[in-house]
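Novice: Below is the structure I would like to discuss, written out as C-alpha cells.
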Amino acid sequence: MTSSIFMHPATLFIVGALLLPLFRKFNAQKIWLVVVPLLAFIQIRYLPESFGTVEWLGFELQFGRVDQLTMVFLHVFTLMALIGSIFGLHVKDSGQHAAAWLYVAGSLGTTLAGDYLTVFIFWELMAVASVFLIWYRKRTKSIQAGYRYLLVHTFGGLILLGGIFLRYQNVHDLSFDLIAPDSATLADYMIMIGFMLNAAVPPIHAWLPDAYPEATVTGAVFMCAFTTKTAVYVLARGFAGYEALAIMGAIMTLYGVGYAVVENDARRILAYHIVSQVGYMVCGIGIGTQMAVNGAAAHAYAHILYKALLFMGVGSVLEMTGRSKLSELGGLYKYMPISLIFTVIGGIAISGFPLTSGFISKSMIIAAAGADHQIFIMLMLSLAAVGTFLSVGIKLPYFIWFGPNDPGIKPKEAYWNMHVGMFIAAFMCIFLGIYPEYLYDMLPYAVNYHPYNSYHLTETFHLLGFTGLGFYIMVKYLKPHDVSNLDVDWFYRKGALAFMWLARKPVNAANEWVSNVYQTVGLRFTMAAARALSWFDWEGIDWALDGSAKGVVKAGGQSRLFQTGKLQHYIGAAAGLVFVVLIVVVLV
Amino acid sequence: MIAQVITYLRERSEMMKWIFFAYLGFALVFDFFADRHDAHFWGDPIIGFWAIFGLVGCLLMIVFCKGLSHVWLERDTDYYDK
Amino acid sequence: MFSGKKPNLRDSWSTLGAILTFVSVLSFLPTILGGNQLKYTLFELYPGVSVMLNLDGLGVIFALVASFLWILASLYCVGYMRGLDEHAQTRFYVCYAVSVGAAMGAAFAGNLFTLYLFYEIVSIFTYPLVMHHQDKEGYWGAKKYIVYLMFTSKAFLLPAMVIIYVLAGTLDFQTANIVQGIFPAEASRVAIGVAYLLCLFGFAKAGIMPLHNWLPDAMVAPTPVSALLHAVVVVKVGVFSICRVMLSVFGVNVLSETGLGLFTAYFVSFTILMASVIALTKTNLKARLAYSTVSQLSYIILGVAMLTPNSITGGLIHIANHAFAKITLFFAAGCIFVASGKKDIKEMGGLGYRMPWTMMAFGIASLGMIGIPPVGGFVTKWYLALGTIDIHNWILLCVLLVSSLLNAGYFVPVFLQAFFGKPLPQDAGVTGSLEKQPLILFMVVPLVITATISVVIGVYPDLFLDLINLMVKS
C-alpha cells in the first residue's frame, strides 16, 4: 500500500521541493521548476478513485479519494502551481520555491484526503509552509505579519482539531463526507469554523488583508490561490447546504468589496477582494442546490486564475518599482504596458465582462440564488459585482497605470517569465469565456446553465456600464491617500499587547516571589534539621559518600562561601536522616 | 507600441467620452430587445433596472464606504507600531 | 576517573559506558515485550523494605530513552567541554555517569524505598554538575537546586513513605497491573490522600508549580548538563517517580475513587499554562527552554492523572517524545553558545544562515513541542486529547489547545529570528558556517540525530506504544 503513496501529487511536490537545492547547484533549477508542476498537471488525470490507505495510530487514513468535485480543484491547483512557478522563475533562492511547493503539496493533500485526520495533517502543512512565503520578504513588518498569520492559523487548526476529536467521540468515524445540516453537532460546527477561518469568513478573516500584502511578490501569487480555495473545497465537501453559509457568504461579498473600495495598498485591495469573491463561493455552497455548488466550483476555478493574474500584474509593478500603494503610483502605462494589458484582462474577467471566465462562472451562483428564490441574496451578490468592477476593474488599474499622480518613476517592463505566467492565466480567462464547456464538463453536477443569453448580456452591459459612469462622476472623491483601515484584527492585536504586559509584569513578579520563598522557609528548615541531626551519624556516612563528599570539598575548597561549609554538614545530615528513618521503622 | 496606442487615445479624451456615452445608450436600447421569459423577481422585467442598480449602487457604495472610512476606520499605516 | 590525565581515553570510557548501558537495556527489551517482568532483590533491610529491582514496560521506556540519549550526550559533551576549554572535566564526567546510572536505578526500582534511594543519589551527584563553573552564579544556582530538592524530599517524601508503609505493610510496587495499587481496601482515605499529596510535592524534580523554580536557576550549569540531565534525566526521574507512584503504589482505582486523579489533572494544568506564559517573557534561550520543560513535564502527569488508557498512553509516550525534542533544543542552545557566544534570542538574528543544521533541527523539535505532525509531539497531544474526550472534560481539552497555541507563541520567534531576523550591528556581514569546526561537529551531529528520531517516532511510535500497552492493558 505504501507504493501507492508515490502516485499522490503531493508527494511529487514534496520530493520536488527537497530536490530543488540539488537542481540549483547544477543550474537546472528553472527547468525543474517547470517540470514538476507540469508532471502533476498530467498526473492527476490518471489517479484512481481511491488509493493510499494507511493504518496509523489505530486509524485508517485515506490519502487519496477522487471524484468530480476533487478533480475540478486538482485541475486548477496544479495549473496554478505551474503558473506560479513560471512567474517566479527569476527567483534564485531555492527556499522560496520549496516553501511554495510544500504549500501546494498541503493543498493537494487536503483536497485528496478521505478522512479528517489526513485533512488536518495537510492543513497544518499548508499553514506552516505558507508562512515562509511571508517571512521571505524579510522586512520587519513582514516578519511580524507572518508571525501573526502563523498564530491565527495555529488557532484555527486547533479549533479544527478540537472539532475532529469531538466528532470522533460522537460517531467513531473519521471519514470526510457531507454532514447533513440537521444532524450537525457542536463538533461539526467547530470543524466548520476551522474551515471558515481559512476561507476568511468575517469575523475571522482579518489575517488575510494583514498578511497577503506583506508576502513576497511571487509568494503572494501562490497564497491568493491555495489556502482560501482549499477551504472552499472542504466546505463544499462537508457542509453544502448550510443556510448559515449562504447568509455569511453574501455578507462576506459586500464586506470584502467595501474595504476594497477604500483601501490604498494595491495588494491589500486585492486581499480584501479575495474575501469578497470567496464569499460568492461560500454563498453558493450554502445555497446547496446543484447549480449553486456547480457555480461555487466554477467560480473557484475561474477566480484562482484571474485573481492570480491580478496579483501577478500588481506584483510585477511592486517588483519593478518597489511600490504597491496607489497613492505613490501613477502613469505607468508608458513604461509597463504589457503588464497593464494583462492586469486589465484580469480586471474585466473578475468583473464578469462577456467573453471572460467571470461571465460564465460568477453569474452561475447569482442565477442559482435567483432560481432558489433567494432574492435578497441575489441582490447582495449583484451589488458586490458592482463593487468588484469599481474597486478592482476600474480603480485599481486606473490609479496605478493612469491616474492624476505623476510620481516620476520610470520602471522597466516586467521580466519575461512574469509575462509568460500572466499570459497563461489571461489566456485561460478568455478561453473559458469563449468556450465555457471546457470548465462545465469538469463540474460535479450536470450543467443546465447557459450564460450567453440576451438577458444576461443586457444585465451585464448595464451593470458594468453604469458602474463605470458612477466612477467617472466620483473619480476625484476616490483619490487614494496613504491610509489604511481598521478591521477586526484590532481586537487581538491590541489584546495581545495587553496579554504580554500581563505576562511580563504581574506574572513574572509572582514567579520571582515564589522563587525566593525557598530562602526563607526552605533554607531555614533544612539548616535547622541539619544542625539537629549532624551529630547523629557523622562517621556512618563516610563509607557511602566519601567520594562525593571529598569531591564537593575539593570543589568548594577554594571558596570561603558560607554555604559550602553548611553543605558538608548538610549532606552528612541527609544521609543521617535516611538512617533515622530506617531506625524508626525498625523500632516500630 | 501599446503605450503609443494608449497615449493616442488619451489625447482624444473628448472622443472617448462620447464613445462611452454611446455605449451606455446602446446598452439601454439593447435592453428593449432582451429576452425576459425567465423572470426571477420583480425587478427583472423593468427596462433599465440593472442600469439604475449599477449607478445608484456604485454611488451609494462609494459614499457609504468612504464615509465610514473617514469617520471611523481610517488610520495611519503604522498605527499598530506606536 | 582513572583516565583523568588522558582526555581522549577518558571521554571514550564515557561513551563506551553509555553504549554498554544502552545495549544492556536493549537486551531486556524482548523479554519485556513478551509480557514478562524481571525482578531482582539486592538486599533486604527489613520485611517490606528492601532494595529491589523490577523491570516492566514503563521502566524500560525511561531506561531506553535515557541510556540512548546518554550516548549522544557524551559525544556532545566532548564538543562542548573541550570547545569551551572547561576545567575539572573528569569530575564532570564521573558525576554525569553516576547520575545517569542512578536514573537507571530509579527506572528499575521495584519499590518505593529503592526509588527514593536512587532519586536522592541523582540529586547529590548532579549538584557538582550544576555548580560546575564555580562562580558566584554557579554556587547560588546550585544552592537553590539542592535546597529545593533536598527539602522537598526530606520534608515530604520521608513522611509519605512512612505513612504508606504503615498503611500497606510494604513499599513494594504493585507489578501485576496499574489499577489495584498496594493499599488494602480498608485503608484510611484521608491518610492515603495525605500520602499522595506528600508524594506529589516531594518529587520536586517533576517541576510542578510552585516548586519549579529550581529548574530555571539550574540553567547556570553547562549546557550538556541542562540538556541531558535537566531536560531528560533529572526531570524525567521526577515525573517518572510520580507516574510510578500514581500507577504502582496508589493505582487507578484508588485515584479515581478519591478524586485525586482529577485533582492532579487540574492542578498541573495550572503549571502547563502558567509556565508557558512565563516562557513567553524570557529572552534568554535556556530560560525559555527551562520554562517550556516545566510546562511539558506536566503534560506527562496530566496524561496519567486522567486515568484512562488513552490519556495514560499520551502521558507516558510524552516521556519519549519530550526527551528527544527537548534534548535537541538544549543541544542547539549549547551549540549556539559555544559557536557564537550568544545566549539571548535578541542577539541571534540571522544566525540560521551560519548554523543551518542546528537551527533546522531546532525548528523540527519546536514543531514537536507545539504538536504538529509528523513530529512526535503530535502523537502525545492526540492521545491526551482522546483522553479528555473519554472523561468528557472540555476544560482539560481547552487547556491542551490553549497551551499548544502558547507553545507556538514562544518557539516560533526563535526560529524567526534565526532565519529572518536582523543580526546585531557587530555581526552584520559576517558569513561563513560556524558548524564546520570539528569540535562543533561533535555537537551538531547528535542534535541532528535526535531531531531525526523525533520525526521517526512521530511517524512510527509503535515501539513505545507496545511497551505502554503492556502496562495499560489492565
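Novice: Going through the range C:182-206 one residue at a time, which ones are open to solvent by less than 40 Å² (accessible area, probe 1.4 Å) and among the small types (Gly, Ala, Ser)?
Specialist: C:187, C:191, C:193, C:195, C:202, C:204, C:206 - these are the residues of the range C:182-206 that are open to solvent by less than 40 Å² (accessible area, probe 1.4 Å) and among the small types (Gly, Ala, Ser).
Here's the yes/no breakdown for (1) at the interface with chain B (Cβ under 10 Å from one of its Cβ atoms); (2) at pLDDT 90 or above; (3) open to solvent by less than 10 Å² (accessible area, probe 1.4 Å):
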{"site": "A:323", "(1), (2), (3)": "no, no, no"}
{"site": "A:330", "(1), (2), (3)": "no, no, yes"}
{"site": "A:334", "(1), (2), (3)": "yes, no, no"}
{"site": "A:342", "(1), (2), (3)": "no, yes, no"}
{"site": "A:346", "(1), (2), (3)": "no, yes, yes"}
{"site": "A:353", "(1), (2), (3)": "no, yes, no"}
{"site": "A:363", "(1), (2), (3)": "no, no, no"}
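Novice: Taking the options C:179, C:162, C:166, C:130, name whichever one is of a type in the set (Val, Ile, Thr), open to solvent by 10 Å² or more (accessible area, probe 1.4 Å) and more than 10 Å from chain A (Cβ to nearest Cβ). Walk me through how you get there before you give the answer.
Specialist: Details: C:162 fails: more than 10 Å from chain A (Cβ to nearest Cβ); C:166 fails: more than 10 Å from chain A (Cβ to nearest Cβ); C:130 fails: open to solvent by 10 Å² or more (accessible area, probe 1.4 Å).
Only one candidate qualifies: C:179.
Novice: Same structure, new question: Of all residues in the range C:136-159, count the ones that are in contact with a Ser or Thr (Cβ under 6 Å, 6 or more places away or on another chain) and more than 9 Å from every other protein chain (Cβ to nearest Cβ).
Specialist: So the count comes out to 1.
Novice: Give C:458, C:371, C:421 a once-over and let me know the one that is within 12 Å of chain A (Cβ to nearest Cβ), more than 22 Å from the chain's Cα centre (by Cα) and open to solvent by less than 30 Å² (accessible area, probe 1.4 Å).
Specialist: C:421
Novice: Give the range A:95-131 a look and list any residue that's within 11 Å of the chain's Cα centre (by Cα) and open to solvent by 20 Å² or more (accessible area, probe 1.4 Å), or say none.
Specialist: Across the range A:95-131, the qualifying residues are A:125, A:128.
Novice: Give the residue that is most open to solvent (accessible area, probe 1.4 Å), with candidates limited to residues of the range A:22-43 that are in contact (Cβ under 8 Å) with a residue 40 or more places away in the chain and more than 15 Å from residue A:90 (Cα to Cα).
Specialist: A:38
Novice: Within the range A:54-94, restricting attention to residues that are of a type in the set (Phe, Trp, Tyr) and over 25 Å from residue A:240 (Cα atoms), which residue is surrounded by the most Cβ atoms within 10 Å (Cβ to Cβ)?
Specialist: My answer is A:87.
Novice: Here are some residues: C:139, C:148, C:127. Which one is under 30 Å from residue C:89 (Cβ atoms), in a helix (DSSP H, G or I) and out of contact with any helix residue (DSSP H, G or I) (no Cβ under 6 Å at 6 or more places or on another chain)? Full working, then the answer.
Specialist: Details: C:148 fails: out of contact with any helix residue (DSSP H, G or I) (no Cβ under 6 Å at 6 or more places or on another chain); C:127 fails: out of contact with any helix residue (DSSP H, G or I) (no Cβ under 6 Å at 6 or more places or on another chain).
Selected residue: C:139, the only one of C:139, C:148, C:127 that is under 30 Å from residue C:89 (Cβ atoms), in a helix (DSSP H, G or I) and out of contact with any helix residue (DSSP H, G or I) (no Cβ under 6 Å at 6 or more places or on another chain).
Novice: Here is a follow-up. Hey, can you tell me all the residues within the range A:485-497 that are open to solvent by 30 Å² or more (accessible area, probe 1.4 Å) and touching a Pro at 6+ places or on another chain (Cβ under 7 Å)?
Specialist: To start, the set of residues in the range A:485-497 that are open to solvent by 30 Å² or more (accessible area, probe 1.4 Å) comprises A:488, A:490-497.
Across the range A:485-497, the qualifying residue is only A:488.
Novice: Would you mind finding the one in A:127, A:184, A:145, A:113 that is farther than 23 Å from residue C:383 by Cβ and in contact with a helix residue (DSSP H, G or I) (Cβ under 6 Å, 6 or more places away or on another chain)?
Specialist: A:145
Novice: Looking only at residues in the range A:449-460 that are without any contact (Cβ under 8 Å) to a residue 40 or more places away in the chain and outside any loop (DSSP other than H, G, I, E, B), which one is least open to solvent (accessible area, probe 1.4 Å)?
Specialist: Restricting attention to the range A:449-460, the residues satisfying the condition of being without any contact (Cβ under 8 Å) to a residue 40 or more places away in the chain are A:450, A:453-455, A:458-459.
When the remaining residues are screened for being outside any loop (DSSP other than H, G, I, E, B), the result is A:454-455, A:458-459.
On the way: A:454: 35, A:455: 37, A:458: 2, A:459: 33 Å².
For the range A:449-460, the residue satisfying everything is A:458.
Novice: Another question, if that's okay. State which residue is nearest to the other protein chains (Cβ to nearest Cβ) when the search covers only the range A:159-178 and only residues that are touching a residue at least 60 places away in the same chain (Cβ under 8 Å) and surrounded by 14 or more Cβ atoms within 10 Å (Cβ to Cβ). Break it down stepwise before answering.
Specialist: Our first condition is that a residue be touching a residue at least 60 places away in the same chain (Cβ under 8 Å); within the range A:159-178, this holds for A:174-178.
Next, only the ones that are surrounded by 14 or more Cβ atoms within 10 Å (Cβ to Cβ) stay: A:174, A:176.
On the way: A:174: 12, A:176: 17 Å.
It comes out as A:174.
Novice: Out of all the residues in the range A:197-212, which are among the aliphatic types (A, V, I, L, M) and surrounded by fewer than 24 Cβ atoms within 10 Å (Cβ to Cβ)?
Specialist: Residues satisfying the conditions are A:197, A:204, A:206.
Novice: Also: Looking at the range C:401-417, which of the residues that are open to solvent by less than 10 Å² (accessible area, probe 1.4 Å) and either more than 7 Å from chain A (Cβ to nearest Cβ) or touching a His at 6+ places or on another chain (Cβ under 9 Å) (or both) is farthest from residue A:143 (Cα to Cα)?
Specialist: C:403
Novice: Now a separate question. What tally of residues in the range A:163-177 results from selecting those that are closer than 18 Å to residue A:54 by Cα and acidic (Asp, Glu)?
Specialist: 1
Novice: Another question, then. Residues in the range A:296-308: is at least one surrounded by fewer than 24 Cβ atoms within 10 Å (Cβ to Cβ), of a type outside the set (S, T, N, Q) and over 24 Å from residue A:446 (Cα atoms)?
Specialist: no
Novice: Test residue A:446 against the stated conditions and say whether it is in a loop (DSSP other than H, G, I, E, B), of a type in the set (A, V, I, L, M) and open to solvent by 10 Å² or more (accessible area, probe 1.4 Å).
Specialist: Values: in a loop (DSSP other than H, G, I, E, B): yes; of a type in the set (A, V, I, L, M): yes; open to solvent by 10 Å² or more (accessible area, probe 1.4 Å): yes.
Considered against the rule, which asks whether it is in a loop (DSSP other than H, G, I, E, B), of a type in the set (A, V, I, L, M) and open to solvent by 10 Å² or more (accessible area, probe 1.4 Å), residue A:446 comes out as yes.
To keep it simple, each residue is scored yes or no on (1) assigned to a helix (DSSP H, G or I); (2) without any contact (Cβ under 8 Å) to a residue 60 or more places away in the chain.
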site	(1), (2)
A:54	no, yes
A:64	no, no
A:73	yes, no
A:77	yes, no
A:83	yes, no
A:90	no, no
A:98	yes, no
A:105	yes, no
A:108	yes, no
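Novice: Hey, can you tell me all the residues within the range C:86-114 that are open to solvent by 10 Å² or more (accessible area, probe 1.4 Å), in contact (Cβ under 8 Å) with a residue 60 or more places away in the chain and within 14 Å of chain A (Cβ to nearest Cβ)?
Specialist: C:86, C:89, C:90, C:93, C:94, C:97, C:101, C:113, listed by residue number.
Novice: Could I ask something else about it? Is the range C:74-85 home to any residue that is among the aromatic types (Phe, Trp, Tyr) and crowded, with 24+ Cβ neighbours inside 10 Å?
Specialist: yes
Novice: Wholly within the range C:224-340, which helices (runs of 4 or more DSSP H) include no fewer than the required count, namely at least 1 residues that are open to solvent by 10 Å² or more (accessible area, probe 1.4 Å) and under 30 Å from residue C:184 (Cβ atoms)?
Specialist: On the way: elements: C:234-244, C:251-257, C:260-281, C:285-305, C:309-340.
Counting at least 1 such residues, we get C:251-257, C:260-281, C:309-340.
Novice: Separate question: Within the range A:474-484, how many residues turn out to be at the interface with chain B (Cβ under 7 Å from one of its Cβ atoms) and open to solvent by 90 Å² or more (accessible area, probe 1.4 Å)?
Specialist: Residues in the range A:474-484 being at the interface with chain B (Cβ under 7 Å from one of its Cβ atoms) and open to solvent by 90 Å² or more (accessible area, probe 1.4 Å): 1 in total.
The values are calculated or read from the model by the stated rules, or taken from the named source; none is laboratory data. Owing to the predicted nature of the structure, the values given are computational and were not obtained by experimental measurement. Positions of Cβ are backbone-derived with ideal geometry, glycine not excepted, and every protein chain shown enters the neighbour counts. Accessible surface areas use protein heavy atoms only, side chains included; no ligands, DNA or RNA. Shrake-Rupley method; radii C 1.70, N 1.55, O 1.52, S 1.80 Å.
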